[in-house]
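Any read-out appearing in this document is the output of simple, stated calculations on the displayed coordinates, not a laboratory observation. What you see is a predicted model, and the numbers here were worked out from it, not measured in a lab. A quick note on method: Cβ atoms are made from the backbone with ideal geometry, for glycine too, and the neighbour counts reach across all protein chains shown.
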Amino acid sequence: MDWKRKHILGLSDFLPDEIEFVMDTSRSMEEVLSRDIKKVPTLRGKMVVNLFFEPSTRTRTSFEIAGKRLSADVVNFSSSGSSQSKGETLLDTARNIEAMKPCILVMRHNASGAARFLSRHLSCSIINAGDGLNEHPSQALLDLYTILKVKGKVAGLKVAIIGDILHSRVARSNIHCLGKMGANLWLCGPATLLPREMARTGATLTNDIREAVKNADVVMTLRVQSERQKATFFPSIREYFRMYGLSNNIFSLAKDDAILMHPGPINRGVEVTNDLADCGRSVILNQVESGVAVRMALLYLMAGGAHVAD
């Protein structure tokens, strides 16, 4: 198929064929990463700017490595090093960066809709690397890619997503992505962190972690995002772990070949126990590894690539 999108702002309007095309392209990029020289000249002469207004380890580093593997000129900006700290507006900051002729702007911002807002005002392509409580499309795509590598399919699999659903842009993007690809989604968390309207997505909602994990093929735990919480959503961290922390006892309810996922960063002893996070069925580091190939694919597609150069 031909790639026609100028921006990647979210996955809510993606078609299954588009998601599959990203997966196919990611496989090509993974082949590049398996070579002795892990670099191709595909984006030589093109600039990719990472504009991050929130802290990030995995996403920003992954996009930076992805750009460099494709021979792009990669420039990193953060809010602490930008003129926004001096009162400059987001739009003025972005317009000044655009004046330097980037091909792609990879953006993370704490305001939902920030990436879509800039897409209406800038001529360069924009990849949303996480906007407020809205979406984190590249994370969901790499999660799908990881599942496909381990399981060979996603259609028909029971995928339990557990934790702070309310504040999770990862959960929202995964609901769109995995749901469109045929997963049987279960969402679990405290009633205060599990919006009832999520039932309209087709997912099954439960406040019982045992029910969510039972016979699951994939169990994904989410970080408790205390920095986004303006109120008390549960009595204490100890109480949260007692009710919704993933332990060996709870994980044993899943299928024998079930895998454990987490988008990171992990709060060990809150969302998941130490031993479980590091066990042989954990694919948390595999997710990080998949991120480079998937983000290479996104940069490649957004830059109008037709083939991976030898």
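On full extension, the segment bounded by Trp3 and Thr192 gains 64.1 nm, given 0.36 nm per residue less the C-alpha separation.
Using the Kirkwood radius built from alpha carbon pairs, what does the Stokes-Einstein equation give as D for the chain at 37 °C and 0.692 mPa s, in µm² per second? Approximately 165 µm²/s, per Stokes-Einstein.
Taking 0.36 nm per residue of separation and subtracting the Cα-Cα distance, full extension of the segment from Lys151 to Asp17 would add 46.3 nm. Neighbours of Ala258, meaning other residues whose beta-carbon lies under 11 angstrom from its beta-carbon, give a summed charge of +2 when Lys and Arg score +1 and Asp and Glu score -1. 3J(HN,Hα) along the range 97-111, derived from phi through the Karplus expression 6.51 cos²θ - 1.76 cosθ + 1.60 where θ = phi - 60°, amounts to 5, 4, 5, 8, 6, x, 7, 9, 10, 9, 10, 10, 8, 7, 9 Hz, with x in place of Gly and Pro.
Length gained on full extension, Arg27 to Arg58, computed as 0.36 nm times the residue gap minus the Cα-Cα distance: 9.2 nm.
Protection proxy ranking for 22-30, 293-301, using the average of other Cβ atoms within 10 Å per residue and placing the highest first: 293-301, 22-30. All C-alpha to C-alpha distances of the range 1-140, sorted into 10 Å bins beginning at zero, yield P(r) values of 11, 41, 37, 11, 1 percent in whole numbers.
The long axis of helix 284-302 is offset from the longest Cα principal axis of the chain by roughly 30 degrees. Cut-off under 21 Å on the C-alpha distance; same-chain residues fewer than 8 positions from Lys158 excluded. Which lysines are left, in chain and number order? The reachable lysines, counting only those whose Cα sits under 21 Å from Lys158, are Lys149, Lys180, Lys214, Lys255.
Positive contributions from Lys and Arg (+1) and negative ones from Asp and Glu (-1), summed over other residues with Cβ under 14 Å from the Cβ of Ser26, come out at -3. Placing one equal scatterer on every Cα of the range 138-288 and applying the Debye formula, the log10 ratio I(q)/I(0) at q = 0.10, 0.15 Å⁻¹ is -0.29, -0.68. Electrostatic tally near Ser12: other residues with Cβ closer than 9 Å to its Cβ, Lys and Arg +1, Asp and Glu -1, net -1.
Can you give me the relative contact order of the chain as a percent, contacts being Cα pairs under 8 Å and 6 or more apart? The value is 21 percent.
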